[in-house]
Amino acid sequence: MARGTPWDRQNVLHLRKRRTDPFVWNGTGTVSHVSSPQQRLVAQLARIKELSGLSLRALAREAGLSSSSLSRYLAGRLVPPWEAVVALCRAVGRDPRPLRAMWAEAAKAGAAPPPRRNDLPADLVDFTGREAEYRQVEELLRTVGTVAIDGMGGVGKTSLAVHVAHRLAPAYPDGGLYLDLHGFTPGQEPLDPQTALARLLGAVEITHPPAGLAERAALWRSELSRRRALVVLDNAVDAEQVRPLLPGAGKSAVVITSRSRLVRLDGVPPVSLAPLADGDATRLFGRAAGLALTEEEAVRQVLRQCGGLPLALRMAGARLRHRPGWTVAVLAERLRDNTGRFDAVFGMSLQQLDADQRRMFRLLGVLPGADFDAAVAGVLADLPPGRVDAVLEELVDAHLVQEPAPGRYRMHDLLRRYAADIAAEEEPQAEAALRRVLHHYLAQAVAHDEVLPSPHRGSPSPGDPAKAMAWFDLEYVNLVACFDTAVRLGVDEVVAELPQAMRVWFFRHRGTGDQIRMLDAAAAAAGRLGQDHQRASLLSDLGFAHAAAGRLTEALAAYELAERCESPDDDLAAGLALRIGFVRRDLGDLEAAQAHFRRAHELFEKIGRPAGQAQALAFDGWVTLQLGHRDEAVDLARASVAMAHGPARITGLVTLGVALASEDQEESLRTLHDALSLAEQNNLQHNQAWCHNYLGVALRVMGRLEDALDHHRRALELLEPLAEVQMEMDVLHSYAETCRVAGRYDEALALLDRTVKLARDLGRPHDENLASAARENLTKGREARPFGS
C-alpha cells in the first residue's frame, strides 16, 4: 500500500488510540545488524516515520518539532533530546519507555560525524616563515570569518591559504573547500561568479543550482550557514568576482587570495604578503636544496636573484639538490648568466631537464584547463605512458609542476605564462599538440557518456555509470576549456560533438551556464561541416535547454530552426514534435500542444518506439485534461501507463492520478504515490517535485488542504536547487490556489506576486497574465468579504 493512502491514515488513527502499546522491534527494542547506539536509534526513528504514514513535515508538525530538526534526527546527524523521542512515539501511539536506554547510549556517544570533505591541495612539507601573517589570518578568521591575502605573483599567497586551512582543519569539521577563480591564469578568462557558485554548490552536493546569480548566492549563503566549513577562494581577479561567494551568518569561514588588494570588498580585512625576508628566504632555500648553507655571500646573491619569492627559492634549491657537484657559488654564477628575464631562476631550472622534459614543460604552457592527468600529458607531448610518468616526476621534483592530488597535476600561473612564452618562440608543433588533446578529451567524453543510461539510445555500454559521472564531474572544467580552445582553433568536429557527448551530464546538471553557449556554437559548427542531422539534434537540445530555463521564445526559435534542417529523420522529428508541444503547452496554447503531441505519437508509432509513444500519449492526456475532457484524458493516461516502463510511466501516472481525484480518491492517491516512488527510486528530483505538486492538487480536490499544502511546500523545496523555472511557476500557481481555498489569502498573494515577477523577468506574458488575474480576483474577493469573516 502506498504511503499516505486512506488505509494508512486509518491505521495511524487506530495506532493513536493504543497509547500504552509497547514499542517492539525484533522483540527487544534493538536491531541486531546495526552496531552503534546512534544507528540503532536512527533505525527506530525511521520505523516511527514508517508507521505514521505521514510526510516528514506532517510528522514534525504532529510531534511539535521543526521539520529541519526531524530531518537531522532521521539522517543521524543529530541525537534528538529525549522529549523529541517521546513526542514522536506518542504521535504513532507507542510507548517510548523501551527506547530510553538506547537513547541514553546514543546521547552519550553523540551523533556520528558527517563525512568530512577536503578539496584542498596538499600542504607544503617545507612551508617556511610567515608566522606573523599566519597569526593574523587565523585571528581574522576567528573574529570576522573572512580574510583576503594579497601580494605579487609567486609570493606564496596560495601556499599560506592552504597551510592555514590544513592547520585549522579541526575547527571546521564540515571540511575544506577549494576553488581556483583563475583571476590571473594565462589563457583563461576569470571564472564568472555564477559559474563559481555552481561549482561551490556542486561541492556541497547541490548539483542543480538555480539559474540566477542572486538565487545561487542566497543558496550558497544558506548552505554555509548550516555548516562549519573553511573555503579557500584562490586567485581572485577583483572584488566583484568574489562578493557573491562570501558567507553570511554562521560559523563557516572564507580565505581569498588575489594579486590585487581587494579594497572594495567591504568587511573583508586584507593581509598583504611581501617577499620573504632574508632569514626566512635562507631557511627555505636551504630546505629545498637539502644543504647546510655556509657560503654566505653566494647565498645572498641567490636570494637577490630570487627576489624573496618562495616559488623561485624552491626552484633554485631543487636545481642545486639535483647537481651535487655544484656549490652555492656555482649556482649564483649560473643565475647571473641568465638575467635576460625577470624570472631568470625559471630558465635556470630548465637547464637541468632533458629534451623530453623541456618540451613537456613548454607544451604544458598552452594546455587548456585547470589541471591534467598523465594520460593528457602523454597525448600532449606524444610520449608513451612509462616515459610520461618519469617526465612528470622530474618536473614535480624541479618545482616546475605541482601535484596537488595523486595523479593530478597543475602549473603555477607564473610558470604557465613562462612556458607559454617559450612555446610561442620554440614550439612550432604546439597547435598540433593541442589538437591531439582536444580529440583525446572528446574520445574520453564519448566513451564515458556511452556508459550512462539515456532515453536517446538503447542499452548503455558496459561500465559503472557512477564512475562515468564522477569522470565528468572531475573533468568538467577541462572539457569546457577544451571546447573554447576548439572554437578558437576552428576544430569544428570537436565543437560539434563534445556537447552531445555531455548531453546526459548536462541533463542532470542543468543550470551550469555553459550548456546554452556550447550548444549554440556546436550547431553552427555542425552547419559548417554540412552535418544537417547533427545540427538539427543540437538545435533541439538547445531549445530544451532554453525551455528548462524558462526562455520559451528562444526555445521555440531553436526548435523551428531544427525543423528547417534538411531531411531530419522521423526519430528526430518525433522528438521535436514532443518538445514543441511542451513549449506550446507552457505558452497556454493547449490545442496546438495537443496537435504536436498527437503528431509525435504518429511518428513514434511509425518507427516502432513504444517509449516515445507512451510519452506522447501521456502529455496528450495532460493537455486533454486541462482542456476539460476528463474521460478522454483518463483513457489516454491508462494507455500510456500500459505501454511505458520504469520512470517513463511517471507522466501517465500523474495525469491519471489528477484526473481521478474527484471520482476515485483511493486510486488517485495510489497512482500519484506510485509516480512519486518511481521518481525517488531513479533520483529524478525534478519529477519528484512535479509529483509532490500534483499530489497537492489532488488532495486539494479531496478537501485535505493541510496535506495538500505540505506537498506544495515539498515541491518548492525540491525545485530550489534546480534550474526548472517553468516547473517553479506551475508549482507557484497550484500552491497559491490551494492557499486561496484554505483561506490563507496573504500566502496566496505572496506566491502570486512571486509568479508575476518571475514571469515578467523572463518575458512570459501568458504566465504573468494568469497570475495577475488570479491576484486581482483574490483581492476583489477579500474586499467583498465582511470584516472578520
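The values are calculated or read from the model by the stated rules, or taken from the named source; none is laboratory data. Keep in mind it's a predicted model, so treat the numbers as computed, not measured. Note that we place each Cβ from the backbone using ideal geometry, even for glycine, and neighbour counts take in every protein chain shown.
One table, with the values for the structure above:
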{"quantity": "Pair list, Cβ < 8 Å and 6+ apart or interchain, from the stretch 677-690 residues that are farther than 9 Å from Pro647 by Cα and modelled with pLDDT of 90 or more to residues that are outside any helix (DSSP H, G or I) and acidic (Asp, Glu)", "calculated": "Ala689/Glu724"}
{"quantity": "Those residues of the stretch 686-699 which are under 19 Å from the mean Cα position of the chain (by Cα) and within 15 Å of Gln726 (Cβ to Cβ), in sequence order", "calculated": "His686, Asn687, Ala689"}
{"quantity": "Contacts under 6 angstrom Cβ, first residue in the stretch 475-497 being assigned to a helix (DSSP H, G or I), partner surrounded by 21 or more Cβ atoms within 10 Å (Cβ to Cβ) and among the β-branched types (Val, Ile, Thr), 6 or more apart", "calculated": "Ala486/Val494; Ala486/Val495; Val487/Val495"}
{"quantity": "Matching residues in the stretch 206-253 - criterion: being touching a strand residue (DSSP E or B) at 6+ places or on another chain (Cβ under 9 Å) and surrounded by fewer than 17 Cβ atoms within 10 Å (Cβ to Cβ)", "calculated": "Arg228, Asp238"}
{"quantity": "Unique residue being farther than 27 Å from Ala545 by Cβ, of a type outside the set (A, V, I, L, M) and surrounded by fewer than 22 Cβ atoms within 10 Å (Cβ to Cβ) when the list is Arg713, Arg700, Arg754", "calculated": "Arg713"}
{"quantity": "Number of positions in the stretch 421-440 that are in contact with a Leu (Cβ under 6 Å, 6 or more places away or on another chain) and not small (Gly, Ala, Ser)", "calculated": "1"}
{"quantity": "Filter result (of a type in the set (A, V, I, L, M, F, W, C) and more than 23 Å from the chain's Cα centre (by Cα)) within the stretch 404-419", "calculated": "Met411, Leu414, Leu415, Ala419"}
{"quantity": "Enumeration of residues in the stretch 169-183 that are buried (at least 18 other Cβ atoms within 10 Å of the Cβ) and part of a loop (DSSP other than H, G, I, E, B)", "calculated": "Tyr172, Asp174, Leu181, His182, Gly183"}
{"quantity": "Yes/no for Ala274 being surrounded by 15 or more Cβ atoms within 10 Å (Cβ to Cβ) and out of contact with any Leu (no Cβ under 6 Å at 6 or more places or on another chain)", "calculated": "no"}
{"quantity": "Residue count, the stretch 750-778 (criterion: within 34 Å of the chain's Cα centre (by Cα), in contact (Cβ under 8 Å) with a residue 24 or more places away in the chain and part of a helix (DSSP H, G or I))", "calculated": "8"}
{"quantity": "Residues of the stretch 301-338 that turn out to be assigned to a helix (DSSP H, G or I) and surrounded by 15 or more Cβ atoms within 10 Å (Cβ to Cβ), as a count", "calculated": "22"}
{"quantity": "Members of the stretch 595-619 that are surrounded by 22 or more Cβ atoms within 10 Å (Cβ to Cβ) and farther than 16 Å from Val654 by Cβ", "calculated": "His596, Ala600, His601, Leu603, Phe604, Gly612, Gln613"}
{"quantity": "Qualifying positions in the stretch 241-290 - basic (Lys, Arg) and part of a helix (DSSP H, G or I)", "calculated": "Arg243, Arg283, Arg287"}
{"quantity": "The stretch 206-236, residues that are over 15 Å from the mean Cα position of the chain (by Cα), closer than 24 Å to Gln188 by Cβ and at pLDDT below 90", "calculated": "none"}
{"quantity": "Search result, residues across the stretch 138-168 that are under 16 Å from Leu246 (Cβ atoms) and in a helix (DSSP H, G or I)", "calculated": "Leu140, Leu141, Thr143, Ala161"}
{"quantity": "Candidates Glu747, Glu706, Glu728, Glu737, filtered to the one that is in a helix (DSSP H, G or I) and without any contact (Cβ under 8 Å) to a residue 12 or more places away in the chain", "calculated": "Glu747"}
{"quantity": "Wholly within the stretch 524-624, helices (runs of 4 or more DSSP H) carrying at least 3 residues that are of a type in the set (S, T, N, Q)", "calculated": "532-548"}
{"quantity": "Extreme residue, modelled with the lowest pLDDT, among residues of the stretch 597-623 that are within 33 Å of the chain's Cα centre (by Cα) and either aromatic (Phe, Trp, Tyr) or outside the structural domain of Asp635 (by TED's automatic domain parsing) (or both)", "calculated": "Trp622"}
{"quantity": "Residue match in the stretch 425-437 (condition: more than 28 Å from Ser540 (Cα to Cα), polar (S, T, N, Q) and surrounded by fewer than 17 Cβ atoms within 10 Å (Cβ to Cβ))", "calculated": "yes"}
{"quantity": "The stretch 556-584, residues that are surrounded by fewer than 23 Cβ atoms within 10 Å (Cβ to Cβ), among the hydrophobic types (A, V, I, L, M, F, W, C) and over 21 Å from Gln613 (Cα atoms)", "calculated": "Leu556, Ala557, Leu561, Cys565"}
